[in-house]
1. Within the stretch 103-122, does at least one residue satisfy the condition of being in contact with a helix residue (DSSP H, G or I) (Cβ under 6 Å, 6 or more places away or on another chain), of a type in the set (D, E, K, R) and closer than 24 Å to Phe173 by Cα?
2. Could you go through the stretch 275-285 and let me know if any residue there is under 19 Å from Gln441 (Cβ atoms), surrounded by fewer than 19 Cβ atoms within 10 Å (Cβ to Cβ) and in the same structural domain as Lys434 (by TED's automatic domain parsing).
3. Of the residues Gln52, Gln42, which single one is at pLDDT 95 or above and either of a type outside the set (Asp, Glu) or closer than 24 Å to Leu189 by Cα (or both)?
4. Quick check on Pro269: is it over 30 Å from the mean Cα position of the chain (by Cα), buried (at least 19 other Cβ atoms within 10 Å of the Cβ) and not in a helix (DSSP H, G or I)?
5. Just the residues that are part of a helix (DSSP H, G or I) and either within 15 Å of Ile7 (Cβ to Cβ) or in contact with an Asp or Glu (Cβ under 7 Å, 6 or more places away or on another chain) (or both), please, taken from the stretch 122-148.
6. Across the stretch 177-192, what is the total count of residues that are within 21 Å of the chain's Cα centre (by Cα) and of a type in the set (Gly, Ala, Ser)?
Amino acid sequence: MKKIGNIELTYLSVDDYEELKKAMIASYTTMPNAYWKEHQIQSLIGRFPDGQVVIKVNNQIAGCALSIIVDYDKIDKHHTYSEITGDYTFNTHTPDGDMLYGIDIFIKPEFRGLRLGRRLYDYRKELCERLNLKGVAFGGRIPNYHKYSNEISPKEYIDKVRKNEIHDPVFNFQISNDFHPARILKNYLEGDDASNDYAVLLEWDNIYYDKPVVTTSITKKIVRLGLIQWQMRPYKDLDELLQQAEFFVDAVSGYRSDFALFPEFFNAPLMAENNHLTEGEAIRELASYTSRIVRKFAELAISYNINIITGSMPEITDDKLYNVGYLCKRDGAIEKFEKLHITPNEDNVWGMEGGSKLNTFDTDCGKIGILICYDVEFPELSRLLADEGMDILFVPFLTDTQNGYSRVRNCAQARAIENECYVAIAGSVGNLPKVHNMDIQFAQSMVFTPCDFSFPTNGIKAEATPNTEMILIADVDIDMLRQLNQFGSVKNLKDRRNDLYELKKI
């Protein structure tokens, strides 16, 4: 290996052609005459100069990457190399296309082992992100397949390479650079006898891709969360309780929060006036306030320009009692969520029933999920929401003891790790001596993150003081979740064994 003085990645120039030609001949020893003509290089540079780069070591060309942009939806799924290049004219290049297509990439033999190929792939990915393209695609050779073509199919060959049962220097390198196989391409590159004329269509997805839209709406990337750690105290009527709720909405919106999260059953103090009734009768009386509370929160969401998660309240539908909450958006829309798993106490004391709807919600800050208290202790629910694209999971809760709180807290933190999302939990503190079945409350509201290098080591973004009425404000970066999904130390969502198990809604 030659002594390395300096390494430079730069745009390809027509003046580089003669040296480029020699480098290609040295690199493709199994494919005679496998080099581009000068007019072809001129055409590529003229059409798309940013897509043509070389890497130089000691001012000598050590490798090269050539690319075009295509409209991917209009490309035949089983295209050939000749078709994708327009019979080597590159008239298939579409400046307003949506996918970067790799035409060629190589490293000269004497410079291999220096990870120079990775630099070229990284440049393509960075270019893709800069131009807001869907991703990178190319037909990858499988040069060792000819040794096994009489015994196994190309698909079987790829499976064995991925399992390290067979070594293929080209394909191994490509998948190690985060490219995933999409399909087998037959008769892709004429004259590629080593690959038996087969290739693998490899793709890399740009996690930052924003599909162009004709609307003026913008999805925020830095989202500010406002958690309300609510003090349980007596209120003389609904108006006084709503006055306190508005105080907190005003407080968190004053910090320009995007969300206000209230706890589960934050309106329970209103049951005091019905303490002479049985617990089941009292909670049904409390349900009579729900529609008025939701209307008020909807007004507050608009007037304070904030998305409000109302915590939860009892609601009667077809004479059945449910634990529900509402997402009141700042654009005026209102959506409902339900507690699916009720606790033994809710069942035995209040006669509640579990809901049946589970879904994510689209907001101006991306997709969110909401699970009420006990529901966060069932990992299947948040995994289904993650599969729908959830970035932030909100958990309004109510716990009376510290061990009950610990169940919610620890499960919520696990959900953040396993689903690569943020999780915000908010609960109530204090006591209600004049309300049956609502004696004391324990809470510490928190915001959890995955545990990786870009996040807090302990996975805690922010935490409130335990058992103290207060608000908690925290910023979360949605783009960091995209980076985690693609480049994290571990990849909990990608590494699931879907060949062994699957999770789906009924």
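1. There is at least one residue in the stretch 103-122 that is in contact with a helix residue (DSSP H, G or I) (Cβ under 6 Å, 6 or more places away or on another chain), of a type in the set (D, E, K, R) and closer than 24 Å to Phe173 by Cα.
2. Narrowing the stretch 275-285 to residues under 19 Å from Gln441 (Cβ atoms): 275, 279, 282-283.
Now drop any that are not surrounded by fewer than 19 Cβ atoms within 10 Å (Cβ to Cβ), which leaves 275.
When the remaining residues are screened for being in the same structural domain as Lys434 (by TED's automatic domain parsing), the result is 275.
Yes.
3. On the way: Gln42 fails: at pLDDT 95 or above.
Within the list Gln52, Gln42, the selection yields Gln52.
4. No: the conditions fail for Pro269.
5. If the condition is that a residue be part of a helix (DSSP H, G or I) and either within 15 Å of Ile7 (Cβ to Cβ) or in contact with an Asp or Glu (Cβ under 7 Å, 6 or more places away or on another chain) (or both), then Asp122, Tyr123, Leu127, His146 are the ones that fit.
6. Residues in the stretch 177-192 being within 21 Å of the chain's Cα centre (by Cα) and of a type in the set (Gly, Ala, Ser): 1 in total.
Residues are listed down the side, and each one gets a yes or a no for (1) surrounded by 19 or more Cβ atoms within 10 Å (Cβ to Cβ); (2) assigned by TED's automatic domain parsing to the domain that holds Gln40; (3) of a type in the set (Phe, Trp, Tyr):
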{"position": "Lys77", "(1), (2), (3)": "no, yes, no"}
{"position": "Gly97", "(1), (2), (3)": "yes, yes, no"}
{"position": "Phe106", "(1), (2), (3)": "yes, yes, yes"}
{"position": "Arg112", "(1), (2), (3)": "no, yes, no"}
{"position": "Asn132", "(1), (2), (3)": "no, yes, no"}
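Residue by residue, here is whether (1) over 30 Å from Gly366 (Cα atoms); (2) in a strand (DSSP E or B); (3) modelled with pLDDT under 90; (4) assigned by TED's automatic domain parsing to the domain that holds Leu116 holds:
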position: Asp178; (1), (2), (3), (4): no, no, yes, yes
position: Arg183; (1), (2), (3), (4): yes, yes, no, yes
position: Glu190; (1), (2), (3), (4): yes, no, yes, yes
position: Lys211; (1), (2), (3), (4): no, no, yes, no
position: Thr215; (1), (2), (3), (4): no, no, yes, no
position: Ile228; (1), (2), (3), (4): no, yes, no, no
position: Tyr235; (1), (2), (3), (4): yes, no, no, no
position: Leu242; (1), (2), (3), (4): no, no, no, no
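The values are calculated or read from the model by the stated rules, or taken from the named source; none is laboratory data. This one's a predicted model, so the numbers in the text were calculated from it and none came from an experiment. Using ideal geometry, Cβ is built from the backbone for each residue, glycine included, and neighbour counts are taken over all protein chains shown.
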